[in-house]
Structures are given as C-alpha cells and as structure tokens.
Amino acid sequence: MLFALTGCRDDMHNQPRYKPLAASEFFADHRSERPEIEGTVARGHLKIDSARYTGKFNGEDIEQFPITITRDDIERGRERFNIYCTPCHGRLGDGNGMVVLRGYRQAASYYSDKLMKAPVGHFFDVMTNGFGAMPSYASRVQPDDRWRIVAYIRALQLSESAKLNDVPPDQRQNLRLEPAPNGLSQGPAPTGNPAEPARPNPGAAR
C-alpha cells in the first residue's frame, strides 16, 4: 500500500499551469504567454488573394468576380441579401426598406446610373468597410457570402430592364411567374375586353 500511495499524484486533476498574463521565472523574458512564431497565420486568415478579400487589385475596384458564381451561389446571395440588406435597401433593391420608411436615412437604389455602372468590387468594398451611413458588415458576413450578395445585386439590376429575348430560347420554358412581394401593387385592373390578358406591371417583376 505504501508503494501504491507513493505512485499517486494530483497533477492530472490540478495540472500545473499559469494564469493568463502571469509572470514566469522559467523563461528569460518572464512571460508565461509565449509570442507567436514569426510567420504564424491563424487558421482561416491566410488571405493572400487580395482581389477576393478586398475587392481591389492595385488599389482599383475589380470588374470580375474572383470566385466562381453558380445558381446556388446566387440563391445563397439572395438569402443573405434578404437578411442583411433588405431592412435598408428593400427586397427590390430600390432603397426603400422598412427602416427607411420609418425615418432612417434614405438608402441607395441599385438602379441609379452610378451603381448600375459600378464594378463588382465597389459593392464588396462597401459591404466590407461601410460607406456613409452604412456600417461595415465584415464581422457579420463572410467574404465569399459578400460576393454572393453582389451576384444577387447584379441579378436584380439585370431584371430591371430584362426582356424575354435575353433568355436563351431553350430556357424560356423554365420561366415561371411569381407573385409580387406582399404589399406591392399588382398594377391597375385591366380595362377593355375582359378576354384580353392584362399586361404585367414591370415594377412587380423586379
């Protein structure tokens, strides 16, 4: 029993450790917390692709997406857009979101001449760093999701003036008519011959 007792140690239950920022006599600089090894990069922070993580190349907003954009990416962008962007910009992207209607500063419309012509890097930079009354969303939206939101914004802009001829003929049968978001006018009631179909309201198709 004596030999067994001498083999018992409490280190596994109360392991020797330093309290945060406590002094140490073991190291020459008396720091218990050791500095990072030179060149260490935290997981997920090796951002060597400047265009992908800043939206710029040589200090200029980039014109092309730095990641591949698929239909699923646009759907993801729509989802993120509806969560983070619609309170100010509205679901149509016209700058008339709910908080604007309740007195907040007017948000930008994506259909202004300036933003219709803006490179994709501009939108990414604004989401990353903020602009005017808009705060930065870098801590809320991951970089690739910011690009997906930009892709959805481009889809909204395209829909503003899109025509049936813009759709490849072999894809037109896949188009479907969707109701306008709640609260939007469907346009005036049709007049004239009841058998004549009403023309769609362009505003409801955004």
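Summary of values
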{"read-out": "Heavy atoms of ASP113: accessible area, 1.4 Å probe, square angstrom to 10", "value": "120 Å²"}
{"read-out": "Accessible surface ranking that places the most exposed of LEU92, LEU2 first, with a 1.4 angstrom probe", "value": "LEU2, LEU92"}
{"read-out": "For ARG31, residues with placed amide H under 5 Å, excluding near neighbours", "value": "SER24"}
{"read-out": "Calculated P(r) of the stretch 35-88 - Cα pairs past 13 Å, %", "value": "73 percent"}
{"read-out": "Peptides 115-123, 168-176, 45-53 ordered by average Cβ neighbours within 10 Å, highest first", "value": "115-123, 45-53, 168-176"}
{"read-out": "Value of relative contact order over the stretch 32-158, rounded to a whole percent, pairs C-alpha under 8 Å and six or more apart", "value": "30 percent"}
{"read-out": "Per-residue ³J(HN,Hα) for the stretch 63-79, Karplus 6.51 cos²θ - 1.76 cosθ + 1.60, θ = phi - 60°, Hz, x for Gly and Pro", "value": "9, 10, 5, x, 10, 6, 10, 10, 4, 4, 5, 5, 5, 5, x, 4, 4"}
{"read-out": "Under 21 Å from the Cα of LYS56 - lysines, other chains or at least 8 residues apart", "value": "LYS47, LYS114, LYS117"}
{"read-out": "Extension reserve of the ARG105-PHE57 stretch, reckoned as 0.36 nm per residue once the Cα distance is removed", "value": "14.1 nm"}
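The values are calculated or read from the model by the stated rules, or taken from the named source; none is laboratory data. Keep in mind it's a predicted model, so treat the numbers as computed, not measured. Note that we place each Cβ from the backbone using ideal geometry, even for glycine, and neighbour counts take in every protein chain shown. Side chains are part of the model used for accessible areas, which takes the heavy atoms of the whole protein and leaves out ligands, DNA and RNA. Shrake-Rupley method; radii C 1.70, N 1.55, O 1.52, S 1.80 Å.
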